[in-house]
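Asker: First the structure, then my questions, so here it is.
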Amino acid sequence: MKLSVEEFHNWANKSITLLGMSGVGKTHLSTVLRRHDWFHYSGDYRIGTRYLDEPILDNIKQQAMGMPFFRDLLRSDSIYIGHNITVDNLEAVLSFIGKPGDPSKGGLPIKEFERRQELYRLGEIAAMKDVPDFIRKSQQIYGYKNFVNDVGGSLCELEDSSSMDVLIEHTLILYIQVTAQDEAELIERAEADPKPLYYRPAFLEQQLIAYLKDRGLSSHDEIDPDDFTRWVFPRLFHARVPRYESITKPHGYTVTSAEISQVRDDKDFLSLLESAIARRV
């Protein structure tokens, strides 16, 4: 969605999609806006509670079945296992996505990892297509004035134009561009605490080959999951930047991570958006 500053200013019920790398501040910003009459739509929350709900629970149950105490209770329907996914706690989603590599170090066999990656991709596509309905719900059911779509960093990796077309039609795309200083900090945080990530299949295949060669390994089962995730993150970051830009250039607007860090309330955010629109005119 492209608007003039005046059109944006007069837009009664604003709907914004935040685009950018994981860790750049999308969820923090959405949490700030949530306190100021904005409906916070978390893509990962929707994926976890709607599209990966059963696979996540099946994975937890499979782990529990490996322990005789829990196995007997589960088979006799004596206990119930559920997750506690919230907008602010997505650990169950991340644990399901997992990391490739040595199972003895918490990794997943490559075929299982790829299966879960595809389930996540399909879930994210579906969650993005749900956005128009949730914009309606946020206003008609919950009475919110504005809507912010807090998407995963992998939105640019889905290779599905239909979901992106939905967001372009119904929301204003705002890309949070990482400054050089914030890039270094983002990579440092990712290396200190490597989180499970989604990888485009062609990118994953290429990087697995490069990693095995770099580490002198002969099979995927030898991969240290955390080491691979640390090693690949800077490469993933730089591979995603042109993808974000290819979406933003024709369809959206850009602000920097430094500008986002200065936002304290919705007035700051709306002012920043108007500046970003003005820069494109």
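Asker: Just check the chain against the gyration tensor rule for me: Cα atoms, a ≥ b ≥ c as the square roots of the eigenvalues, rounded for a/c under 1.5, and otherwise prolate or oblate depending on whether a/b exceeds b/c.
Answerer: Cα axes put the chain in the oblate bin.
Asker: Taking a ≥ b ≥ c as the square roots of the eigenvalues of the Cα gyration tensor of the stretch 164-250, is the shape rounded (a/c under 1.5), prolate (a/b larger than b/c) or oblate? Could you put the intermediate results ahead of the total?
Answerer: Numbers: a/c = 2.70, a/b = 1.77, b/c = 1.52.
Because a/c hits 1.5 or more and a/b exceeds b/c, the stretch 164-250 counts as prolate.
Asker: Please state the shape class of the stretch 230-281: rounded when a/c is under 1.5, otherwise prolate if a/b exceeds b/c and oblate if not, all from the C-alpha gyration tensor.
Answerer: oblate
Asker: Rank by packing, highest mean first: peptides 135-144, 67-76, with packing defined as the count of other Cβ atoms within 10 Å averaged across residues. Could the numbers behind the result be given before it?
Answerer: Details: 135-144: 14.0, 67-76: 11.6.
Output ranking for 135-144, 67-76: 135-144, 67-76.
Asker: Helix 131-140 versus the longest principal axis of the chain: what is the Cα-based angle in degrees, 0 to 90, to the nearest 10?
Answerer: Once rounded, one gets 60 degrees.
Asker: Hey, what number do you get for the chain at 222 nm if only DSSP H runs of n ≥ 4 count, each worth -39500 (n - 2.57), divided across all residues, to the nearest 500?
Answerer: -17500 deg cm²/dmol
Asker: With every atom except the alpha carbons ignored, what do you get for Rg and Dmax of the stretch 131-185, in angstroms?
Answerer: Both quantities, over Cα of the stretch 131-185: 14.3, 43 Å.
Asker: Right, here's the next one. Tell me the angle of helix 161-170 to the major Cα principal axis of the chain, expressed in degrees between 0 and 90 and rounded to the nearest ten.
Answerer: 40
Asker: Using only the alpha-carbon atoms, how far is helix 201-215 inclined from the longest principal axis of the chain? Give it as 0 to 90 degrees, nearest 10.
Answerer: Orientation of helix 201-215: about 60 degrees from the principal axis.
Asker: Using the Kirkwood formula on the Cα atoms of the stretch 20-158, what hydrodynamic radius do you get, in angstrom to one decimal?
Answerer: On the way: mean 1/r = 0.0598 Å⁻¹.
One over the average 1/r among Cα pairs gives 16.7 Å for the stretch 20-158.
Asker: Could you tell me the number of lysine pairs in the chain with C-alpha atoms less than 18 Å from each other, where the two lysines are 8 or more residues apart or belong to different chains?
Answerer: So the count works out to 15.
Since every read-out is calculated from the coordinates, none of them should be taken as a lab result. The shown structure was predicted, so the numbers you read here are calculated from the model rather than taken from an experiment. Positions of Cβ are backbone-derived with ideal geometry, glycine not excepted, and every protein chain shown enters the neighbour counts.
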